[in-house]
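The block underneath contains the structure these notes are about, expressed in structure tokens.
The values are calculated or read from the model by the stated rules, or taken from the named source; none is laboratory data. These figures come from a predicted structure and were not determined experimentally. Cβ coordinates were reconstructed from backbone atoms using ideal geometry, including for glycine residues, and neighbour counts include every protein chain displayed. These accessible areas exclude ligands, DNA and RNA; they are computed on the full protein's heavy atoms, side chains included. Shrake-Rupley method; radii C 1.70, N 1.55, O 1.52, S 1.80 Å.
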Amino acid sequence: GGNNAGHTVVVDGKEYDFHLFPSGIINPKAISFIGNGVVIHLPGLFEEAEKNEKKGLKDWEKRLIISDRAHIVFDFHQAVDGLQEVQRQAQEGKNIGTTKKGIGPTYSSKAARTGLRICDLLSDFDEFSSRFKNLAQQYKSMFPTLEVDVDGQLKKLKGYAEKIRPMVRDGVYFMYEALHGAPKKILVEGANAALLDIDFGTYPFVTSSNCTVGGVCTGLGVPPQHIGDVYGVVKAYTTRVGIGAFPTEQINEIGDLLQSRGHEWGVTTGRKRRCGWLDLVILKYAHMINGFTALALTKLDILDVLDEIKIGVAYKLGGKRIPYFPANQEILQKVEVEYETMPGWKTDTTGARKWEDLPPKAQNYIRCVENHVGVPVKWVGVGKSRESMIQLF
């Protein structure tokens, strides 16, 4: 993805928001790498750096490596993203609900073979400039209202080129050396979520990249045999930003409670997230695609005040259970959710630091998820900070 995604990380009481930076950038001992599958908006990268420097992030440029094969998001891609959304709204009465960060248009350029990459920016600038002008011209003919300050943009891009030059490497060779050199821990962070994957998500209400596990191979140049554990991160309830089918959504006081208690706002857009009961059908579906070896169940504490808690365990169509997750949006809108109801624990769990600290009813809720999905829960989150993660094994 790109800076459409947002990850909030709380360390030592400080809250960082990352969009393009890997979350590991905080760790002074870790090398962070932005792979070829990421689309990079350079002004966005430096804006993010500045914001996080104010919060105490130091020497990030010494720890960040950028793949020379990553595609560049231009300002006109972002402008076009906004224009396309307006167009969709006018023509179809509904838009996709993109973040307007230019992600879709950039991946479109990539697929159309007209995109420009970091390696192009750092090579012959005259050649880059003429290709940039051609691409801008293509968009201007498609969107007559689009204004592009070509010379101004190119001047800025030339400045960014010199700023990032020391960080740019051949990403494939970098990953090869990392995998075959001295033994080290490699953690890959994905953006967005399984249900927003361009192939497997709730199309067309999806992002433009593969945010399922295959993105590790294609987005970094890592051979499948090197993938070890795959961790699924799932909240103790289900949320969604933007439009699209959401069978377990609660448009009532339960939904409002989850939204307010969970501070469910999109990190990138500030939009309210839609909330509902935990949907195990989509969790199982994500498991079919990704093959999770363990789960991290987060935000359990948000459910602390509920009298009873429901879990969506199956979808029915025409009164019959279906074993798959429907591809078609219209069909997905029609499914009926079968719920299992459990008593709430009505206890504050935010202070829990080990399994035994959790109330038995909360333990039952976690075991129920494990049993249905067939994947062990390795971590339970009961708050924002790193200390609020209970590790079970």
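Tell me which residues, restricted to the stretch 370-393, are closer than 10 Å to residue 350 by Cα, assigned to a loop (DSSP other than H, G, I, E, B) and either open to solvent by 10 Å² or more (accessible area, probe 1.4 Å) or hydroxyl-bearing (Ser, Thr, Tyr) (or both).
Those that are closer than 10 Å to residue 350 by Cα, assigned to a loop (DSSP other than H, G, I, E, B) and either open to solvent by 10 Å² or more (accessible area, probe 1.4 Å) or hydroxyl-bearing (Ser, Thr, Tyr) (or both): 383, 384.
Output the residue which, of all residues in the stretch 102-114 that are in contact with a strand residue (DSSP E or B) (Cβ under 9 Å, 6 or more places away or on another chain) and surrounded by 21 or more Cβ atoms within 10 Å (Cβ to Cβ), is nearest to residue 196 (Cα to Cα).
103
Which one of 239, 212, 218 is touching a residue at least 12 places away in the same chain (Cβ under 8 Å), assigned by the TED database to the domain that holds residue 271 and closer than 22 Å to residue 3 by Cβ?
The match here is 239.
I'd like the full set of residues that are among the hydrophobic types (A, V, I, L, M, F, W, C), in contact (Cβ under 8 Å) with a residue 60 or more places away in the chain and surrounded by fewer than 22 Cβ atoms within 10 Å (Cβ to Cβ), limited to the stretch 1-30.
The answer is 10, 11.
Might you let me know whether the stretch 86-96 holds any residue that is assigned by the TED database to the domain that holds residue 160 and open to solvent by less than 20 Å² (accessible area, probe 1.4 Å)?
no
Based on what the data block shows, is residue 36 in contact (Cβ under 8 Å) with a residue 24 or more places away in the chain, open to solvent by 20 Å² or more (accessible area, probe 1.4 Å) and in contact with a His (Cβ under 9 Å, 6 or more places away or on another chain)?
yes
Return a yes/no flag: does the stretch 284-296 have any residue that is touching a residue at least 12 places away in the same chain (Cβ under 8 Å), more than 28 Å from residue 187 (Cα to Cα) and not in a loop (DSSP other than H, G, I, E, B).
Scanning the stretch 284-296 turns up no residue that is touching a residue at least 12 places away in the same chain (Cβ under 8 Å), more than 28 Å from residue 187 (Cα to Cα) and not in a loop (DSSP other than H, G, I, E, B).
For the stretch 333-392, which residues satisfy the criterion of being within 25 Å of the chain's Cα centre (by Cα), under 25 Å from residue 9 (Cβ atoms) and of a type outside the set (A, V, I, L, M, F, W, C)?
If the condition is that a residue be within 25 Å of the chain's Cα centre (by Cα), under 25 Å from residue 9 (Cβ atoms) and of a type outside the set (A, V, I, L, M, F, W, C), then 376, 378, 381, 383, 384, 385, 386, 387, 388, 391 are the ones that fit.
On the basis of being in contact (Cβ under 8 Å) with a residue 60 or more places away in the chain, touching a helix residue (DSSP H, G or I) at 6+ places or on another chain (Cβ under 8 Å), outside the structural domain of residue 295 (by the TED database) and surrounded by 15 or more Cβ atoms within 10 Å (Cβ to Cβ), does residue 135 make the cut?
When the stated conditions are applied, residue 135 passes them.
Let me spell it out: the conditions are (1) out of contact with any Asp or Glu (no Cβ under 6 Å at 6 or more places or on another chain); (2) modelled with pLDDT under 95, and residue 226 meets all of them except one. Which number is the exception?
The number of the failed condition is (2).
Having 3 or more residues that are over 14 Å from residue 82 (Cα atoms) and over 24 Å from the mean Cα position of the chain (by Cα) is the bar; report the helices (runs of 4 or more DSSP H) wholly within the stretch 97-164 that clear it.
118-121, 125-142, 150-164
Has the stretch 333-343 got at least one residue that is open to solvent by less than 20 Å² (accessible area, probe 1.4 Å), touching a residue at least 60 places away in the same chain (Cβ under 8 Å) and over 22 Å from residue 236 (Cα atoms)?
no
State all residues of the stretch 165-192 that are outside any helix (DSSP H, G or I) and either without any contact (Cβ under 8 Å) to a residue 40 or more places away in the chain or surrounded by fewer than 18 Cβ atoms within 10 Å (Cβ to Cβ) (or both); if no residue qualifies, say none.
Once the filter is applied, which keeps residues that are outside any helix (DSSP H, G or I) and either without any contact (Cβ under 8 Å) to a residue 40 or more places away in the chain or surrounded by fewer than 18 Cβ atoms within 10 Å (Cβ to Cβ) (or both), the stretch 165-192 yields 169, 170, 181, 182, 183, 184, 185, 186, 187, 188, 189, 190.
Out of the residues in the stretch 295-305 that are touching a strand residue (DSSP E or B) at 6+ places or on another chain (Cβ under 9 Å) and of a type outside the set (S, T, N, Q), which is surrounded by the fewest Cβ atoms within 10 Å (Cβ to Cβ)?
Only one residue tops the list, namely 296.
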